[in-house]
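Presented below is the structure to which this report refers.
No value in this document is a laboratory result; all are computed from the given coordinates. Keep in mind that this is a model prediction, so the values were computed, not measured. A quick note on method: Cβ atoms are made from the backbone with ideal geometry, for glycine too, and the neighbour counts reach across all protein chains shown.
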Amino acid sequence: MTLPDNIECAPEQSTRRPTDIGMALREVLVKALATNRLTSGVFSCVTLLNTQPEDVSVCVLPDVGPQMDVTINIQHKLLEAYCWENDIPVLRVDSGDKLSAILKCTATNNNTSEMSDTSCVLVQNPVASTKDDALINKFYNDVMASDIYPRPVIQLPV
């Protein structure tokens, strides 16, 4: 078995722990919430995607297990398809509860409005890209946009 040309086993990739991606995503979410660049909830996200898809840098969806409602699964598939058509990276995280806890804790500390519906979270483009933004983009380009199936689910730290 050979690896495609665009995926190499570089030392940086082999030493990167899965929690690094989770921590980077957590920092991106926290910074986006602090600067009012975060949209949550299916209706709000669809509205933003319909009006300004070019302003969205990443879509974060919590992993829904087989025990979840089928309507949530359908909503996620439609959002993924729309994001795919508009070249918006879609990242799946391991738990909606962890995602909600991160955003609730950050909203409480920053006195911003609390995110009540985290079934879909959109992060708008930052003014200046950070190291965490670059790590998320590299992860998406190296792993998520490749032919690796099933797509990995990012483990969020709490």
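Taking 0.36 nm per intervening residue step and subtracting the Cα-Cα distance, what contour gain separates Asn137 from Asp97 on full extension?
12.0 nm
With viscosity set to 1.306 mPa s at 10 °C, what whole-number translational diffusion coefficient in µm²/s follows for segment 29-151 from Stokes-Einstein and a Kirkwood radius over Cα pairs?
Numbers: Rh = 14.9 Å.
So the translational diffusion coefficient is about 106 µm²/s.
Which FRET efficiency value, to the nearest 0.05, is calculated for Asn73 and Ala34 with the Förster distance at 25 angstrom and r the Cβ-Cβ distance? Working shown, then result.
Numbers: r = 31 Å, r/R0 = 1.25.
With a Förster radius of 25 Å, E is 0.20.
Given the Cα-Cα distance of Ser146 and Met23 and 0.36 nm per residue of separation, how much length would full extension add, in nm? The partial results should precede the final answer.
On the way: separation 123, 0.36 × 123 = 44.28 nm, distance 2.20 nm.
Separation in residues times 0.36 nm, less the Cα-Cα distance, equals 42.1 nm.
Show the residues, 5+ positions off or on another chain, whose built amide H is closer than 5 Å to the amide H of Val58.
Under 5 Å from the amide H of Val58: Val123.
Mind listing the long-range amide H neighbours of Arg92? Cut-off is under 5 Å, sequence gap 5 or more, other chains count too, H placed in the peptide plane at 1.01 Å from N.
Excluding prolines and chain starts, which carry no amide H, the hits are Leu61, Ile154.
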